[in-house]
Amino acid sequence: MKSARFAVSTLIPSLAIGALLIVADAAVAQEPMLPAEPIGDSAGLTDPRAAELDARAADIAAQLRCPVCSGQSVLESNSAIAQEMQEVIRERLEQGEGEREVLTYFRGAYGDWIILRPRATGLNLLVYVLPAIALLGGCIWLVVVLRRWSAAGAGGVGGSGAAGEPDGDLSAEDEAWLQSSIGGR
C-alpha cells in the first residue's frame, strides 16, 4: 500500500509541473511559423532604397500580431487588416519614423497585446521567469523525492525482508487480504 500511495503522491505533482511547462512553453514559443514576404509593389527590385524600406517594414511587421489571425504575425497573415497594417508601417517609415515610433503607434492603437514578444516588465515578466522557476522547483522536488525514496529502504520494493518474504509493515487487514488473494499458501 505504501508504494501505491507513494506513486500517487509523486504522480500528481509531476503531472502538474509537466502541464505548467507545456503551457509556459506555448506562451513563449510564438515565433513566426512560415517565412513570408512583405506585401508591396515590385519597385523594391530595382530601387535599393525601396528594398531597404521593404526590409525594415517586414522586420516591424514580423513583430506585430495580426488582430484577426490566431498566432500569426502581420507579415505572415493574408488577411485584409494585416495588409492594411503593412501599408501603414511602410507609410510611417517613409515619413521618417523609426521602428520604435511605429511599434509605439500600434501599441497605442491595440494595446500591448499587438506585440508578438511581450516586453519583460511587470506582469509580462512572468512569461520569461515562470518556466525557469517551474523547472528549478521540479528539480528540487525530484531531488527531495529521490532522497526520501533511497533513505526509506535500500532493499528495493520488498523492503528489508528476504526475497519473497513480507517485511512486516503490512497491517493485519492487508495481511489477511494478501493471504486470501494468493490462496492461503
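Things worth noting here:
- The convex hull built on the alpha-carbon positions of region 59-126 has an orientation-averaged projected area of 4.6 nm².
- In this structure, the amide hydrogen of Ile115, modeled 1.01 Å from its nitrogen in the peptide plane, lies closer than 5 angstrom to those of Arg65, counting only residues at least 5 positions away or on a different chain.
- Spacing of the two label points (7 Å from each Cα toward its C-beta) at Ala132 and Ala109, in nm: 3.5 nm
- Between the beta carbons of Ser180 and Val143, assuming R0 = 41 Å, the FRET efficiency works out to 0.55 to the nearest 0.05.
- In a fully extended conformation the segment linking Glu173 and Asp47 would gain 36.6 nm over its present Cα-Cα distance, using 0.36 nm per residue.
- A simple rule links phi to the HN-Hα coupling: the Karplus curve 6.51 cos²θ - 1.76 cosθ + 1.60 with θ = phi - 60°, which for region 121-134 gives 9, x, 5, 5, 4, 4, 4, 8, 8, 4, x, 5, 5, 5 Hz, with x for Gly and Pro.
- Efficiency of FRET from Cβ geometry, Arg117 and Ala151, R₀ 45 Å, rounded to 0.05: 0.50
Every number in this text was worked out from the coordinates using simple rules, so none of it is lab data. This structure is a prediction, so every number in the text was calculated from the model and none was measured. Neighbour counts are summed over all protein chains in view; Cβ atoms, including those assigned to glycine, are modelled from backbone coordinates with ideal geometry.
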